[in-house]
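Everything below concerns the one structure shown next.
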Amino acid sequence: MAYHPNRLEHARSLQDQIVAWRRDIHIHPELGFEEYRTAKLVAETLNSLGIEAETGVGKTGVVARIGEGKPVIGIRADMDALPIQEENEVPYKSQTPNTMHACGHDAHTAILLGVATMISELPEDQKPKGEIRLLFQPSEEMQDAEGKSGAMRMIDDGALEGVDHVIALHMASGTEAGKIEIRSGYAMANADKFEATIYATGGHGASPHRGTDPVFMFAQLLNAIYGITARRINPVQPAVISIGAIRAGNANNVIPSEVFFNGTIRSYSEETRNQLHEELEKAFGVVKALGGDYKLEFFRGYDATYNDPAVAKLIENMTADMLGEDKLEEPEAGMGAEDFGYMTKLAPGAMFYLGAKYDEKNRGHHTPNFDIDESVLHIGAALLLETALQLQQPNGK
Ligand SMILES: [Zn+2]
Ligand SMILES: [Zn+2]
């Protein structure tokens, strides 16, 4: 079924309002599980549209159920900011020190409010046949003390119950404004963390032969670790291990007795994920061989996000119909992570990227000068709603 010809026009009529919401949220950013003001803005806006909103879902999330019965199509937007001091000098600059919407979640929230507005304005014959569930999710960037992020908390609270498909978008500040990227299959990686300490005797820097040196052991171990992806993992399986922090010693003439380091482990498949953990453990045999000891701890992070091929295809077709074939950008495979993967595990779905490159400056996600081209926001609303309505059709995919 072709898309509704008025969809993009309808969304464009809300562009200024979506921008106003985005700026309001951008000025008042809140960190994960502290999105009180944002949740209030969301709930009040939904109420003003005549849509009932359930607050306090997954701690600070908001859920709105529009329409009744099957199928149930979920649309997710994350609402949290990051602990970053904004450097942009713009009228909508963050007013909260060391807190900034530097990933575009302000835009995601505003776009989903745009979708809610569009649904409330649909003529009777175009209303959703089943239910459309709006999922305003807290804390995508951070996990709470029990290691749970916003998506997990919302799932725990039943927000995904009965959902047949779930979709979402993410701003892409490095992609040309107005272009859409959608991957079929794995789109985001499993992201685990490890922490390790090497123990040795240390000693005087002038007499290395009298003790054992954890710095030397670390140097050998580093090769063994970086050899894992090159020599142990199937070359057609994406896998990364990166060491991010190393701490050892204080004085130039003292061999320390410990080296601490940590890193991230990324993969797509569960099999590769497990193999990376096993191989990393094995690599530490180098330390034992050199007379040292170690402690190695793994911290399981987000699961990979898998885009259902049928839903991804639908989004691709919608984009081509609505915006033109040339707006589809070949997505680059990446090893980033997203907790949306927990939702697509329960209900086949997909996340697409909305290109929003602002200017020629590097405005990468999670940097103090992150910013987006706001003129594309309505495109996100039109695509999300059209995809959700298409998924409601009997042969929607
Ligand atoms: Zn982010
Ligand atoms: Zn993000």
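Overview of results
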item	result
Glu34 accessible area, 1.4 Å probe, all protein chains in place, Å² to nearest 10	90
In degrees, nearest ten, helix 377-391 long axis to first principal axis of the chain (Cα)	80
Table column - 3J(HN,Hα) (Hz), region 338-349, Karplus curve with 6.51, -1.76, 1.60, x for Gly and Pro	8, 7, 4, x, 5, 6, 6, 6, 8, 9, x, x
Of all DSSP beta bridges in region 27-180, antiparallel share, percent nearest 5	45
Cα-centred dipole magnitude for region 25-95, charges only on beta-carbon of K, R (+1) and D, E (-1), debye, nearest 20	300
Mean Cβ neighbour count within 10 Å, used as a protection proxy, ranking 281-287, 195-201, 338-344, 110-116 highest first	110-116, 338-344, 195-201, 281-287
Spacing of the two label points (7 Å from each Cα toward its C-beta) at Val236 and Lys127, in nm	5.1
Percent accessible area from carbon and sulfur atoms, the chain, protein chains only, probe 1.4 Å	49
Placed amide H near Glu30: partners under 5 Å, 5+ positions off or other chain	Ala81
Accessible-area value, Arg232, 1.4 Å probe, nucleic acids and ligands omitted, Å²	130
Top positive-direction residue, dipole computed over the chain with Cβ charges, set Pro128, Val57, Thr344	Thr344
Compactness relative to 2.2 N^0.38 Å, alpha carbon Rg of the chain	1.11
Probe 1.4 Å, protein heavy atoms only - accessible area per residue of the chain in square angstrom	43
Total charge dipole magnitude, the chain, about the Cα centre, Cβ charges on Lys, Arg, Asp, Glu only, Debye to nearest 20	960
Using θ = phi - 60° and Karplus 6.51 cos²θ - 1.76 cosθ + 1.60, couplings along region 265-270 (whole Hz; Gly, Pro as x)	10, 10, 7, 9, 8, 5
Residues with amide H under 5 Å from that of His170, placed H, sequence gap 5 or more	Phe352, Tyr353, Leu354
Burial order of peptide ranges 175-184, 373-382 (average beta-carbon count within 10 Å, highest first)	373-382, 175-184
Efficiency of FRET from Cβ geometry, Glu9 and Gln393, R₀ 30 Å, rounded to 0.05	0.90
All lysines inside 20 Å of Lys345 as judged from Cα atoms, apart from same-chain residues fewer than 8 positions distant	Lys70, Lys148, Lys313, Lys397
Note, ³J(HN,Hα) from phi for region 93-106, Karplus 6.51, -1.76, 1.60, rounded to Hz, x at Gly and Pro	4, 4, 9, 9, x, 6, 9, 8, 7, 10, 10, x, 5, 4
Estimated translational D of region 272-369 in µm²/s (Stokes, Kirkwood radius over Cα pairs; 10 °C; 1.306 mPa s)	90
Spin-label pair Ala206/Ala320, simplified geometry with 7 Å Cα→Cβ offset, distance in nm	7.6
Dipole moment magnitude, nearest 20 debye, region 99-172 about Cα centre, only Lys, Arg, Asp, Glu C-beta charged	120
Contact order normalised by residue count of the chain, Cα under 8 Å, 6+ apart, percent	24
Contact order relative to length of region 49-114, as percent, for alpha carbon pairs under 8 angstrom and 6 or more apart	27
Protection proxy ranking of 83-91, 55-63 - average other beta-carbon atoms within 10 Å, highest first	55-63, 83-91
Cα gyration tensor shape of region 37-168, rounded if a/c is under 1.5, else prolate or oblate by comparing a/b with b/c	oblate
DSSP beta bridge pairing in the chain, given as percent antiparallel to the nearest 5	65
Solvent-accessible ranking of Tyr268, Tyr353, largest area first, probe 1.4 Å	Tyr353, Tyr268
Value at 222 nm in deg cm²/dmol, rounded to 500, when DSSP H runs of n ≥ 4 in the chain each add -39,500 (n - 2.57)	-9500 deg cm²/dmol
Leading residue at positive end of dipole, the chain (Cβ point charges), from Leu8, Gly244, Tyr36	Gly244
Amide H contacts of Gly301 (H built 1.01 Å from N, under 5 Å, at least 5 apart or other chain)	Ala191, Asp192, Lys193
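The values are calculated or read from the model by the stated rules, or taken from the named source; none is laboratory data. Just so it is clear, the structure is predicted and the values come from calculations on it, not from any experiment. Reconstructed Cβ throughout: ideal geometry from the backbone, glycine too, with neighbour counts over all protein chains shown. Heads up: the accessible areas ignore ligands, DNA and RNA and are worked out on the full protein's heavy atoms, side chains in. Shrake-Rupley method; radii C 1.70, N 1.55, O 1.52, S 1.80 Å.
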